[in-house]
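Undergrad: Pasting in a structure now, in structure tokens, and then I'll have a few things to ask.
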Amino acid sequence: MKFGETFTGFLHGDQEWFLDNCSHVEYKRLKKVLKACRSLRDSSGIDPEESNDGNESTGSEQLCQCDICAACDQKFFDELSKEAADIAGCFSSRVRRLLHFHISNGFQRYMWRLSHCFSDDQKTSAQEVRMLLDYVTMNATAIRKILKKYDKVHGSVNGRNFKMVMRTKRIELLQSPWLIELGAFYLNCAGTDAGEPGAFFRKFSCDLSDSQPVMTMVLFDSITYEYSLSCPICLDTVFNSYALGCGHLFCKSCVCAAASVLICDGPKSAPRGAKCPVCREVGAYRDPVHMLELDHLLRSRCKDYWKERLREERAEMLKQAKQYWEKQTITALGY
């Protein structure tokens, strides 16, 4: 079955009620934009739509040799960029809402429990997680395939380069820190790495046994994505982890030290111009994500390591507090 048919079936299948208020890639419409491209109409008459979406053959790859296609570039990339941004926003808001009540305390937690007292809470949450994972992986696959088709039609690498633009704009779906949080929540609910697969993702797993801890996601077409759980600064497994706006993961103490702010103040207190320690993106500290579900997963699987890091962080916080108040006293008294 062609991907276009699979994607249409996904949008109008059993999960249609879940997708009513969610944005999605207009896959067919974008294909029509390519089909109507002037470069394609002026080509040798070979129609790439007749080929399979996943076909890697090179017979019709070089239909148009051009760096810029005035006939479709602006409409194609502008529309795709808008759709990707809408999907990323919808996905992050849905995940944030789902996890908010799961990790909340006090009255909010009580009311959430009360609203689910007549249903299987864990089963309901796991079902929503699977639908969200299907939603983001299917749309990410649609974007990957339509960009590949663009390059095939035009004989260019503009589609491949557009992925870097998406990452710069923070709308690369499979690089979102919220996907890692959702995967951690999925593993926390399942209790093991053998949770029930979704329609389009096959497995989420977390390997903490070696020196390179990773979280792995396998899609329906056997494509695998790995997410490193190592802090790039201390090179240990992330502890009390934060993801900066650019998507890079750090320990809270490490990312605060890099921005010269106190641990107790957190990365949000960093100057507006603070740069990511890895990619050097300016302003990456403006909207950090506290990875609470990932912390819960690591705390349950690495208990001794977590206790040791917790002692170290508390000791460092006390040291910083002492130094801060000594400096304030000297400033106030003048000696």
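The values are calculated or read from the model by the stated rules, or taken from the named source; none is laboratory data. Everything numeric in this text was worked out from a predicted model, so none of it was measured. Please note: Cβ atoms are built from the backbone with ideal geometry, for glycine as well, and neighbour counts cover all protein chains shown. Remember, those area values only see protein heavy atoms, side chains included, never the ligands or the DNA or RNA. Shrake-Rupley method; radii C 1.70, N 1.55, O 1.52, S 1.80 Å.
Undergrad: Please identify the pairs in which a residue from the range 293-320 that is farther than 19 Å from residue 209 by Cβ has its Cβ atom under 6 Å from the Cβ atom of a residue that is open to solvent by 70 Å² or more (accessible area, probe 1.4 Å), counting only partners at least 6 apart or on another chain.
TA: 317/264
Undergrad: So residue 279 ticks every box in (1) under 29 Å from residue 132 (Cα atoms); (2) part of a loop (DSSP other than H, G, I, E, B); (3) open to solvent by less than 30 Å² (accessible area, probe 1.4 Å) but one. Which box is left unticked?
TA: Single failed check for residue 279: (3).
Undergrad: Now for a different question. Just checking, how many residues over the range 165-207 are surrounded by fewer than 18 Cβ atoms within 10 Å (Cβ to Cβ), under 24 Å from residue 302 (Cβ atoms), modelled with pLDDT of 80 or more and of a type in the set (Val, Ile, Thr)?
TA: Count: 0.
Undergrad: If a residue has to be among the aliphatic types (A, V, I, L, M), open to solvent by 40 Å² or more (accessible area, probe 1.4 Å) and either free of Cβ contacts under 8 Å to residues at least 40 places away in the same chain or at positive phi (or both) to count, how many in the range 242-276 make the cut?
TA: Residues meeting the conditions: 2.
Undergrad: Can you list the helices (runs of 4 or more DSSP H) found entirely within the range 1-79 that contain at least 1 residues being modelled with pLDDT under 50?
TA: Numbers: elements: 3-11, 16-19, 27-35, 38-41.
It comes to 38-41.
Undergrad: Look at residue 286 and say whether it is modelled with pLDDT of 90 or more and more than 14 Å from the chain's Cα centre (by Cα).
TA: Working: modelled with pLDDT of 90 or more: no; more than 14 Å from the chain's Cα centre (by Cα): yes.
No; evaluated as a whole, the condition is false for this residue.
Undergrad: Could I ask something else about it? Which condition breaks for residue 292 when tested against (1) open to solvent by 20 Å² or more (accessible area, probe 1.4 Å); (2) at pLDDT below 90?
TA: Evaluating residue 292 over (1) open to solvent by 20 Å² or more (accessible area, probe 1.4 Å); (2) at pLDDT below 90 leaves (2) as the failure.
Undergrad: Scan the range 208-222 for residues that are in a loop (DSSP other than H, G, I, E, B) and surrounded by 15 or more Cβ atoms within 10 Å (Cβ to Cβ) and jot them down.
TA: If the condition is that a residue be in a loop (DSSP other than H, G, I, E, B) and surrounded by 15 or more Cβ atoms within 10 Å (Cβ to Cβ), then 208, 213, 220 are the ones that fit.
Undergrad: Right, next: Restricting to the range 300-335, and then to whatever is among the polar types (S, T, N, Q) and more than 20 Å from residue 265 (Cα to Cα), can you tell me which residue is surrounded by the most Cβ atoms within 10 Å (Cβ to Cβ)?
TA: Out of the qualifying residues, it is 300.
Undergrad: Within the group 285, 242, 305, which residue is of a type outside the set (A, V, I, L, M, F, W, C) and part of a helix (DSSP H, G or I)? So that I can check it myself, show each step before the final result.
TA: Details: 285 fails: part of a helix (DSSP H, G or I); 242 fails: part of a helix (DSSP H, G or I).
Selected residue: 305, the only one of 285, 242, 305 that is of a type outside the set (A, V, I, L, M, F, W, C) and part of a helix (DSSP H, G or I).
Undergrad: Can you run down the residue pairs with Cβ atoms below 6 Å, 6 or more apart or on separate chains, where the first is in the range 1-27 and in contact (Cβ under 8 Å) with a residue 60 or more places away in the chain and the partner is acidic (Asp, Glu)?
TA: 3/53; 23/86; 25/83
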